[in-house]
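J.: Handing you a structure now.
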Amino acid sequence: MTPHLNAEAGAYAEAVLLPGDPLRAKWIAETFLTDAIQVNSVRNCLGFTGTYKGQQVSVQATGMGQPSLGIYTHELITAYGVKTLIRVGTCGALNAKINVRDIVIATAASTDSSIPTQGMAPFHYAPTGDFGLARRAAEIAEDRRLPWHAGPILSSDVFYRPEGLDAFKPMIDHGVLAVEMEAATLYTLAARHGVRAIGVCGVSDSLITGEEIDADARATTLNDLADMCLTLAVTG
């Protein structure tokens with residue numbers, strides 16, 4: 001057990017899906033896993049372990065933002081021996097060619113957070129996802145004819161910005177596809193501990209067009225995304 005996970009030793013599979021929303025974690029476990037059991041309830045950040053296509057896999061909610069995700073990622077790796085971490089999240093599109101419900105595979109993650117800079121001075125570390133997982137995710141999306149995009153994203157610590165879309169202009173000008181709040185820290189910690197991680201996000205809204213899906217839909221309707229990430233967990 002850890003300060004934030006009350007699961008017993010060995011309760012997590014080596015591959016864990018990391019949605020931010022505890023309700024999405026619960027929905028994934030109840031909808032897609034066989035013989036799923038709840039292994040964590042601390043702070044209501046729910047965790048589950050079951051089987052998918054005959055292989056053990058876990059789902060653990062991380063809450064919102066990089067500080068929260070950093071806690072759960074660190075504890076899963078160091079206390080439970082997790083080797084593969086797949087963020088199954090949502091993001092906001094920063095490119096007009098990306099539509100709501102498209103899938104974004106985050107090959108790299110820029111950030112305004114100080115977390116990836118800790119212990120790195122004088123260098124500027126560039127957090128990137130695991131290439132093998134990214135390639136396999138793209139193969140799964142392509143095989144299933146899902147609308148997908150692969151490229152850099154932004155992990156921001158700030159959700160509401162007074163400048164609006166203008167705040168993201170430097171990112172947009174440099175080809176950043178979308179914005180979310182977790183991947184850069186996930187990638188940094190994975191690299192630090194020698195494990196694999198990738199962020200695969202469903203587009204919940206577009207900062208370009210204003211289109212969006214509501215909170216209930218974000219939690220319980222991204223079926224293609226969830227099934228794709230579970231397939232990645234057991235075949236990647």
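The values are calculated or read from the model by the stated rules, or taken from the named source; none is laboratory data. Just so it is clear, the structure is predicted and the values come from calculations on it, not from any experiment. Cβ: placed from backbone, ideal geometry, glycine included. Neighbour counts: every protein chain shown.
J.: For the stretch 131-180, enumerate the residues that are acidic (Asp, Glu), outside any loop (DSSP other than H, G, I, E, B) and in contact (Cβ under 8 Å) with a residue 12 or more places away in the chain.
T.: 180, the sole residue that qualifies.
J.: Right, another one. What single numbered condition from (1) assigned to a loop (DSSP other than H, G, I, E, B); (2) at pLDDT 95 or above; (3) over 18 Å from residue 198 (Cα atoms) fails to hold for residue 13?
T.: Condition not satisfied by residue 13: (3).
J.: Could you list, in sequence order, all residues of the stretch 216-227 that are more than 13 Å from the chain's Cα centre (by Cα), among the aliphatic types (A, V, I, L, M) and at pLDDT 85 or above? Give the derivation first.
T.: Going residue by residue through the stretch 216-227, those that are more than 13 Å from the chain's Cα centre (by Cα) are 216-224, 227.
Among the residues that remain, those that are also among the aliphatic types (A, V, I, L, M) are: 217, 219, 222.
Correct list: 222 only.
J.: Also, I was wondering about something else. In this structure, does residue 117 turn out to be in contact with a Gly (Cβ under 8 Å, 6 or more places away or on another chain) and either more than 11 Å from residue 201 (Cβ to Cβ) or modelled with pLDDT of 95 or more (or both)? Reasoning before the result, please.
T.: On the way: in contact with a Gly (Cβ under 8 Å, 6 or more places away or on another chain): no; either more than 11 Å from residue 201 (Cβ to Cβ) or modelled with pLDDT of 95 or more (or both): yes.
Here the answer is no, as residue 117 does not meet what is asked.
J.: Of the conditions (1) in a helix (DSSP H, G or I); (2) loosely packed, with under 15 Cβ neighbours inside 10 Å, residue 186 satisfies every one except a single condition; which number is it?
T.: Evaluating residue 186 over (1) in a helix (DSSP H, G or I); (2) loosely packed, with under 15 Cβ neighbours inside 10 Å leaves (2) as the failure.
J.: Quick test for you: out of 50, 65, pick the one residue that is surrounded by fewer than 23 Cβ atoms within 10 Å (Cβ to Cβ), without any contact (Cβ under 8 Å) to a residue 24 or more places away in the chain and of a type outside the set (S, T, N, Q).
T.: 50
J.: Of the residues 55, 66, only one is at negative phi and over 19 Å from the mean Cα position of the chain (by Cα); which?
T.: Details: 66 fails: over 19 Å from the mean Cα position of the chain (by Cα).
55 is the lone residue from the list that is at negative phi and over 19 Å from the mean Cα position of the chain (by Cα).
J.: Hey, among 215, 191, 197, 183, which residue is aliphatic (A, V, I, L, M) and touching a Cys at 6+ places or on another chain (Cβ under 9 Å)?
T.: 183
J.: Can you name the condition, by its number, that residue 203 falls short on among (1) among the β-branched types (Val, Ile, Thr); (2) surrounded by 21 or more Cβ atoms within 10 Å (Cβ to Cβ); (3) not in a strand (DSSP E or B)?
T.: Exception for residue 203: condition (3).
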